[in-house]
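Structure first, then comments.
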Amino acid sequence: MKYVLDTNIVTAIMKKDEKVIQKIENILQDGKIIFINAISYYEIKRGLLAANAYKKLSCFEKVCKIFSITLLDNIIILDKASEIYADLKKNGNLIEDADILIASIAMFNDCILVSDDSHFKRIQNLQLENWLN
C-alpha cells in the first residue's frame, strides 16, 4: 500500500501534529511507502519563499528528505486529470486544478490520497483517507 500526502497533511507534519506523526510512524514500520506529490511540494515551497519563512522552509526540506516526491511526469496523469475535470464540470462540482492534478497523481501511482479536504470525495474511484479526523 502506498500513500500520497496532500498539502494540508504535509503542513500538519511540519506543525508536529501528533496524530499524523503517529500514523506515519505506524505506516513506515509496516513497510509501506509515503510520498509527497509535486503539486503540494510547489504549493508549500512557494508560500514559504514568498513569506520569507526560512525557518519553516528548513523544516519543510527536512520533511522532504523523509519522503519521496511523486512527479507530474507522465501524460497519463494529465489525461486522467482531464477526465476528472470533465466529469466534475458536467456534474457542477468543479474543484481547483491543483487538486485535480494531485488526485490524478495519486490515482496514476495507485496510492491512497491523504487529505483533510472533503472535496476530494467528489472524484470517482479516488482512494482517500483523512489522518486529521
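Just so it is clear, none of the values below were taken in a lab; they were calculated from the coordinates. Every value quoted in this text rests on a predicted model; they were computed, and no experiment measured them. A quick note on method: Cβ atoms are made from the backbone with ideal geometry, for glycine too, and the neighbour counts reach across all protein chains shown.
The figures follow:
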{"quantity": "Under the Karplus curve 6.51 cos²θ - 1.76 cosθ + 1.60, θ = phi - 60°, whole-Hz ³J(HN,Hα) for region 55-66, x wherever Gly or Pro sits", "calculated": "5, 5, 4, 4, 4, 4, 5, 5, 4, 5, 6, 7"}
{"quantity": "Sequence of Y3, Y41, Y85, Y54 once ranked by neighbouring C-beta atoms within 10 Å, starting from the fewest", "calculated": "Y54, Y85, Y41, Y3"}
{"quantity": "Counting all C-alpha pairs of region 7-70, share separated by more than 13 Å (%)", "calculated": "64"}
{"quantity": "Calculated volume of the Cα convex hull per residue in Å³ (choose from (1) 139; (2) 166; (3) 106), label", "calculated": "(3)"}
{"quantity": "Residues with amide H under 5 Å from that of L128, placed H, sequence gap 5 or more", "calculated": "L113"}
{"quantity": "Using alpha-carbon coordinates, inclination of helix 75-90 to the longest axis of the chain, degrees", "calculated": "60"}
{"quantity": "Proxy reagent accessibility, fewest Cβ within 10 Å first, across M14, M107, M1", "calculated": "M1, M14, M107"}
{"quantity": "Among the listed pairs K2/K90; K23/K56; K2/K23; K32/K65; K15/K62; K23/K80, those beyond 19 Å (Cα-Cα)", "calculated": "K2/K90; K23/K56; K23/K80"}
{"quantity": "Cα gyration tensor shape for region 72-128, rounded if a/c is under 1.5, else prolate or oblate", "calculated": "oblate"}
